[in-house]
Amino acid sequence: MSRTHPFDLVFSEFADTFFPGIRDEAPDTTIDLATLTRLPTAQRLLRELGSPELAESDPQAMTEYLALLFVAYRYWIAGQHTLWVDRDKLTAAIDSRSTDAHAADEDACYLAFPERWCWATIGDNQPHEPLDGLFVVSAKAQAEITVVAILGLRPGRDGFSQITVTGGADDLLNAARDRRDPPFAPVMNGGADAGFKSVTTEGELLHLTHLALVSAAE
């Protein structure tokens with residue numbers, strides 16, 4: 001069975017209609033989130049993705065819609081590059097505890113993880129869900145990245161959960177310094193026996209992103 005891509009699941013019917021208009025309105029291809037949000041075509045697409053009342057009824061959900069639109073558009077304009085994360089290479093990067101290894105140089109990409117290996121939750125008292133992958137967008141001038149983690153993507157589910165985090169070079173260094181020992185140790189029952197990894201904080205998510213980009217560069 002082929003694996004569903006989150007970009008296709010959400011944007012397959014919208015990308016050809018709306019993204020060229022956003023491209024025409026955008027000042028450059030590395031547009032940031034704040035600028036994207038103000039573009040008329042982006043605002044129309046947001047109304048298609050969520051109800052007009054969403055911003056008032058659930059501001060956090062609207063924030064996540066904005067983040068997903070941002071990374072999806074940047075992924076599209078950058079050529080829709082999906083990098084498949086190799087489990088052995090990423091395990092080696094985790095075990096090496098390196099903080100200065102060369103990472104894959106991508107303006108925007110999707111890092112597709114081995115299925116049902118890394119797990120996370122979107123909040124307290126929420127279920128553990130497998131990490132399908134990470135949308136990663138860089139803003140090189142500000143040395144900043146935006147990461148949207150896609151969780152719980154599976155056949156029969158009309159959507160997924162997501163976690164959004166933005167960080168700079170200092171955040172990446174701090175995340176590496178503050179990692180748990182062992183890194184990404186599972187926190188779910190039976191996780192150790194199953195060989196799972198767990199991502200428990202935004203810092204760990206940033207650190208995992210860096211390590212995945214390092215493994216993808218090899």
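Restricting to segment 182-216, and then to whatever is within 19 Å of the chain's Cα centre (by Cα) and polar (S, T, N, Q), can you tell me which residue is nearest to Pro130 (Cα to Cα)?
Ser198
With respect to Ala141, is the statement that it is out of contact with any Phe, Trp or Tyr (no Cβ under 8 Å at 6 or more places or on another chain), over 24 Å from Ile77 (Cα atoms) and either at pLDDT below 85 or surrounded by fewer than 22 Cβ atoms within 10 Å (Cβ to Cβ) (or both) true?
Numbers: out of contact with any Phe, Trp or Tyr (no Cβ under 8 Å at 6 or more places or on another chain): yes; over 24 Å from Ile77 (Cα atoms): no; either at pLDDT below 85 or surrounded by fewer than 22 Cβ atoms within 10 Å (Cβ to Cβ) (or both): yes.
Here the answer is no, as Ala141 does not meet what is asked.
Select, from Leu173, Leu153, the only residue that is touching a Phe, Trp or Tyr at 6+ places or on another chain (Cβ under 7 Å) and either surrounded by fewer than 22 Cβ atoms within 10 Å (Cβ to Cβ) or among the acidic types (Asp, Glu) (or both). Even if it seems obvious, please write down each step before you answer.
On the way: Leu173 fails: touching a Phe, Trp or Tyr at 6+ places or on another chain (Cβ under 7 Å).
After applying the criteria, what remains is Leu153.
Looking for whichever is at pLDDT 75 or above and not assigned by TED's automatic domain parsing to the domain that holds Ser161 here; the options are Glu64, Glu106. Which one fits?
Working: Glu106 fails: not assigned by TED's automatic domain parsing to the domain that holds Ser161.
Among Glu64, Glu106, only Glu64 is at pLDDT 75 or above and not assigned by TED's automatic domain parsing to the domain that holds Ser161.
Taking segment 180-200 as the search range and keeping residues that are of a type outside the set (Gly, Ala, Ser) and in contact (Cβ under 8 Å) with a residue 60 or more places away in the chain, which one is surrounded by the fewest Cβ atoms within 10 Å (Cβ to Cβ)? If you could, list the steps in order and put the result at the bottom.
Filtering segment 180-200 down to residues of a type outside the set (Gly, Ala, Ser) leaves 180-184, 186-189, 193, 196-197, 199-200.
Cutting the leftovers down to in contact (Cβ under 8 Å) with a residue 60 or more places away in the chain gives us 183-184, 186, 188, 196-197, 199-200.
Working: Pro183: 16, Phe184: 22, Pro186: 19, Met188: 13, Phe196: 19, Lys197: 24, Val199: 22, Thr200: 15.
Of everything passing the filter in segment 180-200, Met188 is surrounded by the fewest Cβ atoms within 10 Å (Cβ to Cβ).
Does segment 17-24 contain at least one residue that is among the aliphatic types (A, V, I, L, M), modelled with pLDDT of 95 or more, over 22 Å from Leu131 (Cα atoms) and in a helix (DSSP H, G or I)? Show your work before the answer.
Filtering segment 17-24 down to residues among the aliphatic types (A, V, I, L, M) leaves 22.
Imposing the further condition that a residue be modelled with pLDDT of 95 or more reduces the set to 22.
Keeping just the survivors that are over 22 Å from Leu131 (Cα atoms) gives 22.
With in a helix (DSSP H, G or I) added as a condition, the list becomes 22.
Yes.
Based on this model, can you work out whether Ile163 counts as surrounded by fewer than 22 Cβ atoms within 10 Å (Cβ to Cβ) and within 21 Å of Arg3 (Cα to Cα)? Explain how you work it out, then say what you get.
Working: surrounded by fewer than 22 Cβ atoms within 10 Å (Cβ to Cβ): yes; within 21 Å of Arg3 (Cα to Cα): yes.
Yes; evaluated as a whole, the condition is true for this residue.
The values are calculated or read from the model by the stated rules, or taken from the named source; none is laboratory data. These numbers come from a predicted model, not from an experiment. Counting neighbours? That spans all protein chains shown, and the Cβs are built from the backbone with ideal geometry, glycine included.
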